[in-house]
Structures are given as structure tokens and as C-alpha cells.
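A.B. asks: Pasting a structure here, questions to come.
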Amino acid sequence: MDLPGVANGLGKSVVDINQGNLRSVAVATAGDRTRLVLNLRQPSNYRVELQGKALVVVLDNASAPALATSGDATHFAKPQNDNPLPVRDIDFRRGPDGTGRVVVSLASTQVGVDIRQQGQSLVVEFLRSSLPDTLRRRLDVADFGTPVQSIASFQTGDRVRLVVEPKGAWEHSAYQNDNQFVLEVKPLKADPNKLVQGPGYSGEKLSLNFQNIEVRALLQVIADFTNFNVVTSDTVTGSVTLRLKDVPWDQALDIIMQSKGLGVRKNGNVLWIAPKDELAAKEQLDLEARKKLAELEPLRTQSFQLNYTKADEVAKGLSGQSTSGGSSSGSGGNSNASSSSNSSSGAGNQTQRMLSPRGSVIFETRTNQLFVTDIPSKLEEIQALIAKIDIPVRQVLIEARIVEADDKFGRTLGVKLGGADLRGNAGGIPGYSVAGGNYVQIGSNYANLGRQLSGTAGAVNITDGSTQLVNLPAATLNGQSAASLALSLFSPTANRLLNLELSALEADGKGKIISSPRVITADQGKAIIEQGEEIPYQVASSSGATSIQFKKASLKLEVTPQITPEGSVIMDLDVAKDSRGTDTIGGPAINTKHAKTQVLVENGGTVVIGGIFTQEERTDVNKVPLLGDIPVLGHLFRNTSKVTNKTELLIFITPKIVTERGAAR
């Protein structure tokens with residue numbers, strides 16, 4: 001309310017009321033008029049009456065307080081279902097940059113969703129929905145390192161209500177993918193010069209309507225409204241005309257600053273307002289003064305005891321040297337602030353110094369201590385740096401499981417067929433008569449025929465191989481000989497023989513080899529664990545002398561883990577499973593199974609980094625031409641071998657971040 005021709009005789013610009021809906025009254029004078037601004041807790045209807053010399057303002061009763069604290073609901077999706085649909089699952093996950101994600105699995109895309117901010121909480125309501133008893137709970141998710149501290153879910157009428165409790169400065173967004181609704185709460189980094197933390201402008205809204213009001217008076221009005229202490233430079237002059245309605249006060253101040261080329265610096269609850277050039281000049285003078293002070297300020301020496309970090313590495317970092325540089329003498333070393341080491345342009349190992357040009361550092365490796373001489377402000381910076389880097393390195397336990405399975409099956413069939421005619425040994429005529437008084441004798445080879453026709457007693461031994469017409473026995477499998485069955489057909493005088501030997505072998509084998517190496521190592525530290533044997537073999541030199549050399553056949557796990565900020569583990573893996581093979585003239589052969597890769601696995605999760613499956617099927621047939629192809633009887637003139645081998649290799653990796661409690665155990 002503007003009162004023309006009235007001055008402020010109260011002696012103050014703000015009158016605190018704090019009764020009912022009225023919080024305070026701000027009094028501002030501009031020219032020949034005075035403006036009264038009534039700061040209400042919430043919107044209200046009013047009427048103004050003039051009773052004599054008194055101006056009476058009557059405020060109607062405000063609405064219920066609960067309505068004021070509840071923000072307007074955002075209708076994310078309208079309900080399209082007639083009957084209540086169940087909520088299937090409620091989960092929480094950590095996203096990139098510390099984002100908290102509340103993931104709700106719905107039964108259908110027809111479920112309506114309302115979102116509103118109630119105080120510091122986010123309330124999500126799923127319309128015409130039901131919540132199973134197993135999901136009516138409160139999740140404490142503060143350990144995930146996101147703004148979300150807890151999630152509560154419960155049933156209210158025909159709605160499922162989800163109350164998300166964030167902390168600090170944050171902003172939220174929501175989206176839905178098929179039946180999955182996701183609410184994201186992202187942290188906001190605080191800006192020390194921002195008047196009100198949060199996304200965009202979020203200060204309390206006000207309305208301003210002034211014509212040709214002095215900038216200094218307008219700033220005083222905003223200061224009274226916000227309860228900030230304002231320091232205005234003497235160079236702030238001029239007037240401004242503006243009309244703002246329901247605008248956040250921080251946005252209104254920003255508009256005034258931009259229109260007049262002013263800048264603002266915030267220090268606690270004090271705002272310093274001056275022209276931008278003046279602020280820049282003042283800051284430049286402060287920097288130059290601090291620089292001169294650093295050149296004249298007395299030096300101090302402070303010792304730092306390091307627990308987990310090597311003192312020499314920290315000293316080289318403070319003095320701008322690489323970890324491979326620096327000097328040491330005995331158990332300690334010195335890194336000073338000489339101008340040559342600080343301005344050398346040819347040294348590739350020079351990095352940015354943290355010490356001042358006058359500072360120096362000495363390290364003692366025996367006690368792992370640092371002795372830093374520098375100005376007090378630099379000592380405080382170094383102390384803060386050491387507090388951040390001198391911390392225990394987290395450790396990771398890597399468990400590997402190498403599973404080798406094989407399934408072997410083999411079957412082989414064979415036959416031996418032989419015959420002998422021994423009538424020549426008894427004075428008879430061997431062989432069989434043909435036309436013209438000729439005879440035909442059958443034998444396995446010339447030697448066998450000659451002995452049968454010689455008529456010499458004992459010339460033919462029916463047990464040796466010379467009597468065999470077909471010699472195709474079953475082959476051995478896995479070093480085992482085949483079983484055999486022999487039949488012999490002979491004449492009554494036992495001077496003509498026909499021998500038959502059948503052999504068969506079937507082998508079936510299954511095996512499994514499980515190797516489980518495990519190793520623990522520090523974050524980003526390489527670890528190697530190896531077990532096996534070194535096989536010796538002889539090698540001849542050019543001079544003829546022999547020497548002994550060795551080949552490794554071992555199980556080896558080499559890993560370099562890296563713990564991510566969100567708690568997962570990135571691993572550079574090199575897994576090898578070697579075994580001794582067959583012996584050759586040049587030395588033993590090595591059967592190698594090797595996998596090298598990089599994987600990302602969540603803490604405690606298991607991943608299969610590799611698998612090799614081989615299947616070998618082999619069928620061999622050895623036969624007598626033509627005779628071996630005769631149906632049924634052809635089996636007497638051939639042998640058959642069938643082998644099926646299956647092998648499978650799987651490598652499982654499970655990383656586990658070792659906590660302090662787990663390390664103590």
C-alpha cells in the first residue's frame with residue numbers, strides 16, 4: 001500500500017508481527033511517499049478501511065496449514081484403469097554423479113501417477129493401485145551416497161503413496177519406460193555466491209511496483225524482505241522503474257544488478273553490492289596484497305606424520321617433482337624452493353608446485369615424516385591435502401573358479417580270421433583239386449604256403465601270425481586292450497583249421513577339474529598368484545654339449561582391480577591354466593588355456609569371463625576291399641572305431657571389496 005505525502009516516523013524499516021497469517025510489515029520511503037509491504041505466510045483475502053486517522057487492514061482467515069505446505073501436484077500420467085492394479089516392486093539404485101534412482105515396477109502403463117513436493121519431501125502417488133504387504137516398508141538408503149536418505153511406501157485408500165526423503169540441495173525428474181517408473185533425485189553443487197541454493201531462482205516471491213525509486217532504497221526494501229544484511233558501495237547511485245509481480249526475490253535482485261551493472265558478493269548473511277568494475281578491482285587488490293604478504297610473511301615449520309602414504313612421494317609432489325625425481329641422503333631427503341628447479345623449462349618431470357616460492361620440504365623415510373617450512377596459509381593447505389590423501393587404500397579379494405569338464409566315449413570292434421591246411425605234414429596232398437589234376441592251396445602269404453606244401457612235420461605253427469588271413473583287431477582305448485572271443489573250425493583229423501577271433505572294447509569316462517585361486521590386493525595394485533611345476537628337458541648346444549632347461553606348466557591368476565566411486569570393481573584379468581602335454585624330441589608340449597580381458601563387476605557379483613566348448617567326433621573304419629562291404633559277412637573283414645570327446649572350460653570371477661571389519665577378521 002502506497003501512502004502519498006507520508007514519511008516514515010517509526011525509526012525502523014521492519015516491524016515484526018508474527019501473529020496469525022501476518023509475519024511482518026516492511027516500511028519503505030521513496031520521495032514523498034511511503035510504501036507498506038505486508039509479508040504473509042500464505043495468500044489471503046483482505047480489505048482496507050479508513051477510520052479517522054487510522055488505516056485498518058483486515059486479513060481473512062487463511063486456509064489450512066497443511067494446504068500451504070503441500071505443493072501443487074504434477075499430473076505425470078492420467079489413470080486409464082478402472083480396477084486397482086498391484087505395484088510389483090520398489091527398488092533403489094545409485095546412478096552417475098551421485099544420482100539416486102527410485103525404480104517402481106508397475107503392472108500396466110495405464111496406472112496414473114501424481115508427483116508433488118511436500119516440504120523437503122517428494123511424494124509420488126500411484127492412482128488406483130494396490131501395494132502388497134511385502135512392499136509396505138521403509139528403505140534406508142543413506143549409505144548409497146545420494147541425496148535420498150529414505151523411501152517409505154504405504155497404502156492410502158485406492159492409492160499407493162511413496163514418500164522420498166532427500167537431503168541437501170537437489171533437483172528431481174521423472175520418466176516412465178513401459179511398466180517401469182523412475183524418479184531421479186540429483187544433487188546440486190552449492191555456489192557460495194548464489195543467494196539461494198537450488199535450481200534456478202527459488203527465493204520467496206514478492207511483488208514490486210516502483211517508479212523512479214533510488215537503487216539504494218530499493219536494495220533496502222529487498223534487504224528488509226529477506227532479512228539479509230546489505231552493504232552498499234558509495235558508488236551505487238541512480239534510480240530505477242520496475243514492476244514485478246510474484247517474482248522470487250533472488251531473481252528480482254539479479255534483475256536490478258544487471259540493469260545497473262552491479263555485482264554482489266555473499267559472505268554468510270551479508271551481501272556486498274557494488275559496481276562490477278569496483279568488485280573486480282577490489283579482488284585484484286586483495287590478490288596482490290596476499291601475494292606481497294606471502295613474500296614478507298614469516299615462515300613456519302610444521303611436521304606431518306604420514307600413516308599410509310610414503311613421505312618421499314608426498315614431498316616430491318609438494319615440490320613439483322615427479323615420483324622418479326628428487327634427491328635423498330641417508331634415510332631422508334630435501335626438496336627446496338630454488339628458482340632453478342621451479343623455472344626449468346627443459347625438465348619434463350616438473351609439475352605444478354604446491355609450496356610457495358619460499359617454501360621447502362624435508363622427508364624422513366625411517367619415521368615416514370614430513371617437515372614443511374612455509375607461510376601459514378600454505379601449511380593449512382598442505383595439512384588439508386594430507387588429510388585427504390593419507391588414508392588407507394581399500395582392498396579387493398578376487399576369487400577365481402576355473403571349471404574343466406570332459407566327457408569321453410569310445411567304441412571299437414575288430415576281427416582276426418585265419419586258416420591252415422596241415423595235410424601235407426601227414427603225407428597227404430594239401431589244397432583242393434581243380435580240373436586237370438591241379439590243386440589250389442590258400443594261405444596268408446608265400447611263407448605260409450611254402451610250409452604247408454613242404455610236407456615237413458611242424459613246418460607250420462598255427463599260433464603265429466602267418467596263418468592269419470585277416471588281421472584287423474580292435475584298437476586300444478585309454479591304454480586298455482579289447483576283450484576277445486576266439487572260435488576254431490577244424491576237420492575230424494585236425495589237419496584243416498579255420499580260426500576266427502572277435503574283439504570289442506567300449507570306454508566311457510567323465511571328469512571335472514575345479515581350480516579355485518584367490519588373491520587379495522590393494523585398489524589399483526597388481527596381484528599375481530601362481531601354482532604349478534617346471535618341467536626339465538635337455539637341450540643340445542652347437543658344441544654338442546647338453547644343458548637342462550625348464551618349461552612352466554602352472555595355474556596363474558594376474559589381476560589389477562580398480563574400485564569405482566559407486567562401489568563396483570573394474571578388473572584387468574589375465575588367467576592361464578597350463579598343463580603338461582605329450583613328450584616330444586624337442587621337449588615336453590604344454591597344453592595352454594588362457595583368457596585376458598577387462599570387466600566391470602558389482603561388489604560380490606560373479607561374472608563368467610570366458611568359456612571354451614569343444615566336441616570331437618571321430619569314426620575310423622579299416623577293411624579289406626570289396627569283402628569288407630559285404631552285408632553282415634563284411635564285419636569279418638573290417639574293424640570299426642568310434643570316439644566322441646566333449647570338453648568344456650568356464651572361468652568365473654567374483655570380486656569382493658574388503659571392509660575394515662572383514663580385514664580385521
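Each reported figure results from applying straightforward, stated rules to the coordinates on display, with no laboratory input. Note that the structure is predicted; figures quoted are calculated from it, not measured. As a convention, Cβ positions derive from the backbone with ideal geometry for all residues, glycine included, and neighbour counts pool all protein chains shown.
A.B. asks: Under Stokes-Einstein, with the Kirkwood radius over Cα pairs standing in for Rh, what whole-number D in µm²/s applies to the stretch 70-187 at 4 °C and 1.567 mPa s? Kindly include the intermediate steps, with their values, before the conclusion.
C.D. replies: Details: Rh = 14.2 Å.
Reported coefficient: 91 µm²/s.
A.B. asks: A further question on this structure: Can you tell me how the stretch 585-627 classifies by the Cα gyration tensor, rounded, prolate or oblate, using a/c under 1.5 as the rounded cut? Spell out each step's value before the answer.
C.D. replies: On the way: a/c = 6.96, a/b = 2.26, b/c = 3.07.
Oblate shape, in that a/c is at least 1.5 and b/c is the bigger or equal ratio.
A.B. asks: If you plug each phi of the stretch 160-175 into the Karplus form 6.51 cos²θ - 1.76 cosθ + 1.60 with θ = phi - 60°, what whole-Hz ³J(HN,Hα) values come out, in order, with x for Gly and Pro?
C.D. replies: 9, 9, 10, 10, 9, 9, x, 9, x, 8, 7, 9, 10, 8, 9, 8
A.B. asks: On a straight-distance basis, which lysines could pair with K245 in a cross-link, Cα separation under 23 angstrom, same-chain partners fewer than 8 positions away excluded?
C.D. replies: The qualifying lysines are K194, K205, K260.
A.B. asks: Something else now. Among Y308, Y46, which comes first, second and so on when ranked by fewest other beta-carbon atoms within 10 Å?
C.D. replies: On the way: Y308 10, Y46 13.
Sorted ascending by nearby Cβ count, the order is Y308, Y46.
A.B. asks: Going by how many other Cβ atoms sit within 10 Å of their own, how do H172, H75 line up, fewest first?
C.D. replies: H75, H172
A.B. asks: Can you put D620, D224 in order of Cβ neighbours within 10 angstrom, beginning with the fewest? Don't skip to the answer; put the middle values down first.
C.D. replies: Details: D620 11, D224 21.
Going from least to most buried by this count: D620, D224.
A.B. asks: Using each residue's phi in the stretch 375-386, evaluate 6.51 cos²θ - 1.76 cosθ + 1.60 at θ = phi - 60° and report the 3J(HN,Hα) Karplus result to the nearest Hz, with x for Gly and Pro.
C.D. replies: 6, x, 5, 5, 4, 5, 5, 5, 5, 5, 5, 5
A.B. asks: Could I ask something else about it? Under a 5 Å amide H to amide H cut-off, with H placed in plane at 1.01 Å, what residues pair with F490 once short-range neighbours are removed?
C.D. replies: L498
A.B. asks: If you take the Cα atoms of the stretch 235-301, find Rg, then find the Kirkwood Rh from the mean of 1/r over all pairs, what is Rg/Rh? Mind dumping the intermediate values first?
C.D. replies: Working: Rg = 17.6 Å, Rh = 14.7 Å.
Across the stretch 235-301, the Cα-based Rg/Rh ratio is 1.19.
A.B. asks: In addition: If the only charges are +1 at each Lys and Arg Cβ and -1 at each Asp and Glu Cβ, what is the size of the charge dipole of the stretch 531-621 around the Cα centre, to the nearest 20 debye? Mind showing how you got there, number by number?
C.D. replies: Details: 8 positive and 12 negative charges, 54 e Å.
Charge dipole, the stretch 531-621, about its Cα centre: 260 debye, nearest 20.
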